[in-house]
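Q: Once you've had a glance at the structure underneath, I'll fire off some questions.
Values in this text are rule-based calculations from the coordinates and carry no lab data. None of these values were measured; they are calculated from a predicted model. When we count neighbours, we look across all protein chains shown, and the Cβ atoms used for this are built from the backbone with ideal geometry, even at glycine.
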Amino acid sequence: MIACLVFAAVLTTLPLAQADPVTLTPTDDVWAYPHAGDPSRDSFLRIWGSDGKPAAKDVGELEQFSYGFLQFDTSKLSDGKPKSAILRVYNVSSPSFTLEQAKAAPLQVRPIPGTFTEKTWQYSQTEKLLPPSDAKAVFGQTIPTALSDSTPILIEVDLLKGPGDFAGFLEAARKTGKPLAIALTAALEVTENRASYKIYSRDAERESLRPQLVIMY
């Protein structure tokens, strides 16, 4: 009896096991730009802004901006608020931007008010999927910790950092059974030395370079 009590006491002092993270890869992704090619064959998403802005305020400005749209299946996610949600993407080596430019124009993640299908994608759909331009809509933003001329550059965005409510957006998608659709935006000016984020898409030849959404409950 004493041995059982001692064993029980030891168990109560042990740290609770952490749940394994859930890692999602996009079911669809597209480079949302008027002159983009076939998204099912494009290995890259290219992101830039215009006039110091990361996102268009309305449809009239839309063609001046270049977005990366990502979509994830939420059907197998757990109920409840995530403790951590990180979007992990890779930019190509020898980027067209400097670290100073990235600091002034970080890579951002915003919600998309709808869903899309890569196989039937038409640029005209962007008008109905326009990500909100308000800074309060941003789920998170970050810059590379360092640049490299030889290896792809990891960029990790904390989606719970806000100010946008990613946890609520994720739960709404899960409850309705709809995919989670997000946009990559940035204020980099492509007119300045063709500066842009060039992110590997889900069609990248190397699987390790494809976007990942890593969620911990």
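Q: Would you mind calculating the relative contact order of segment 26-216 from Cα pairs under 8 angstrom and at least 6 residues apart, reporting the percent as a whole number? Spell out each step's value before the answer.
A: On the way: 458 pairs, mean separation 73.0, N = 191.
Contact order relative to length: 38 percent.
Q: For the pairs Lys53/Lys76; Lys136/Lys178; Lys128/Lys175, flag any whose C-alpha to C-alpha distance is greater than 30 Å.
A: In this structure, Lys53/Lys76 lie more than 30 Å apart at Cα.
Q: Same structure again: Can you give the calculated 222 nm mean residue ellipticity of the chain, where each DSSP H run of n ≥ 4 adds -39,500 (n - 2.57) and the sum is split over every residue, rounded to the nearest 500 deg cm²/dmol?
A: -4000 deg cm²/dmol
Q: Now for a separate question. Any idea what angle helix 2-13 forms with the longest principal axis of the chain, computed on alpha-carbon atoms, 0 to 90 degrees, nearest 10?
A: 20
Q: Using each residue's phi in segment 194-201, evaluate 6.51 cos²θ - 1.76 cosθ + 1.60 at θ = phi - 60° and report the 3J(HN,Hα) Karplus result to the nearest Hz, with x for Gly and Pro.
A: 6, 5, 6, 7, 10, 9, 5, 8
Q: Mind ordering 91-99, 67-75, 19-27 by average Cβ neighbours within 10 Å, highest first? Before the final figure, lay out the partial values.
A: Working: 91-99: 17.6, 67-75: 22.2, 19-27: 14.6.
Going from most to least packed, we get 67-75, 91-99, 19-27.
Q: Measure nothing but the geometry: give the 0 to 90° angle between the long axis through the Cα atoms of 166-176 and the longest principal axis through the Cα atoms of the chain, rounded to 10°.
A: Value to nearest ten degrees: 80.
Q: Full extension from Thr25 to Thr191: what is 0.36 nm times the residue separation minus their Cα-Cα distance, to one decimal in nm?
A: 56.6 nm
Q: Output wanted: per-residue J couplings in Hz (rounded whole) for segment 153-165, from phi through Karplus 6.51 cos²θ - 1.76 cosθ + 1.60, θ = phi - 60°, x for Gly and Pro.
A: Using θ = phi - 60°, the values come out as 9, 6, 10, 10, 10, 7, 7, 8, 6, x, x, x, 8 Hz.
Q: Hey, can you rank 189-195, 164-170 by average C-beta count inside 10 Å, highest first?
A: Result, highest mean first: 164-170, 189-195.
Q: Run through all the Cα pairs of the chain and give the fraction in each 10 Å bin from 0, expressed as whole percent.
A: 8, 33, 34, 13, 5, 4, 2, 0
Q: Net charge around Asp203, counting only other residues with Cβ within less than 15 Å of its Cβ (Lys, Arg = +1; Asp, Glu = -1)?
A: Working: positive: Arg41, Arg46, Lys119, Lys198, Arg202, Arg206, Arg210; negative: Asp28, Asp29, Asp38, Asp42, Glu118, Glu205, Glu207.
That sum, taken over residues with Cβ under 15 Å, equals 0.
Q: Further question on the same structure: How big is segment 132-192 by the Kirkwood estimate over distinct Cα pairs, in Å?
A: 13.8
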